[in-house]
1. Quick one: would you say Gly22 is surrounded by fewer than 19 Cβ atoms within 10 Å (Cβ to Cβ), touching a residue at least 60 places away in the same chain (Cβ under 8 Å) and on the phi > 0 side of the Ramachandran plot?
2. I want to confirm something. Restricting to region 103-153 and keeping residues that are surrounded by fewer than 16 Cβ atoms within 10 Å (Cβ to Cβ) and among the small types (Gly, Ala, Ser), which single residue is farthest from the chain's Cα centre (by Cα)?
3. Please pick out the residue among Val49, Val63, Val54, Val41 that is of a type in the set (Val, Ile, Thr), touching a residue at least 24 places away in the same chain (Cβ under 8 Å) and more than 25 Å from Gln94 (Cβ to Cβ).
4. Which condition does Ala35 not pass, out of (1) closer than 23 Å to Leu146 by Cβ; (2) at pLDDT 95 or above; (3) assigned to a helix (DSSP H, G or I), if it passes all the others?
5. Suppose we filter Met7, Met1, Met61 for residues that are closer than 16 Å to Val111 by Cα and of a type in the set (A, V, I, L, M); which single one remains?
6. Any residue that is surrounded by fewer than 19 Cβ atoms within 10 Å (Cβ to Cβ), within 14 Å of the chain's Cα centre (by Cα) and under 16 Å from Lys110 (Cβ atoms) - is there at least one of those in region 25-48?
7. Tell me which residues, restricted to region 66-85, are touching a helix residue (DSSP H, G or I) at 6+ places or on another chain (Cβ under 9 Å) and in contact (Cβ under 8 Å) with a residue 24 or more places away in the chain.
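The values are calculated or read from the model by the stated rules, or taken from the named source; none is laboratory data. These numbers come from a predicted model, not from an experiment. FYI the Cβ positions are ideal-geometry reconstructions off the backbone, even for glycines, and counts take in every protein chain you see.
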Amino acid sequence: MRYYRIMSAHFYRSPFSCSANGGRWNPKGSRMIYAGSSPSVSLLEYLCVKGNAVALNSWYMIVFEIKDSSLIGELDAYELPTSWNISPHGRATQNFGSAWLLEREFPFLKVPSARLNIKFYPEEHNLLINPDFPQLENKLKVVDTLPFSYLLG
């Protein structure tokens, strides 16, 4: 299975790195890598988070491959907190993600994209990656790194 991650030209040489700034699925201080099931999901997610500022930088699409799909946990839509897709994101999803990071049951977790209506795009999703999972680099392989820029206008 392939997954896609957007990284700036400054950081792309460290594809397993991440900040602890926090996001929809992780509170500030908890490290988490976000990827998408397709390049378009990753591009849309990043654009929605960063806005037009994406046009100011050069970017890379990191293509990951996970050979063993049994390492990917799946979240049932009924398990989602009721406010999981609000904008700006709330604490409910951050608390969920924080608990998932601490469990360490799976290195990867499929979650729906808050940017796409799950009814229309049931196969599209985000992938949460626990960067502190033991031997992560043996479970997740970088298969390509593609430079690009957001074309806004």
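1. On the way: surrounded by fewer than 19 Cβ atoms within 10 Å (Cβ to Cβ): yes; touching a residue at least 60 places away in the same chain (Cβ under 8 Å): yes; on the phi > 0 side of the Ramachandran plot: yes.
Yes: the conditions hold for Gly22.
2. Going through the qualifying residues, I end up with Gly153.
3. None of the others qualify; the one that does is Val63.
4. Every condition holds for Ala35 apart from (3).
5. Unique residue meeting the criteria: Met1.
6. Yes, the conditions are met somewhere in region 25-48.
7. So the first thing to find is which residues in region 66-85 are touching a helix residue (DSSP H, G or I) at 6+ places or on another chain (Cβ under 9 Å), and the list is 66-68, 71, 73, 75, 79-85.
Those that are touching a helix residue (DSSP H, G or I) at 6+ places or on another chain (Cβ under 9 Å) and in contact (Cβ under 8 Å) with a residue 24 or more places away in the chain: Ile66, Lys67, Asp68, Leu71, Gly73, Leu75, Leu80, Trp84, Asn85.
Yes or no, residue by residue, for (1) free of Cβ contacts under 8 Å to residues at least 60 places away in the same chain; (2) aromatic (Phe, Trp, Tyr); (3) farther than 14 Å from Ile66 by Cα; (4) in a loop (DSSP other than H, G, I, E, B):
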| residue | (1), (2), (3), (4) |
| --- | --- |
| Leu101 | no, no, yes, no |
| Leu109 | yes, no, no, no |
| Lys119 | yes, no, yes, yes |
| Glu137 | no, no, no, no |
| Leu146 | no, no, yes, no |
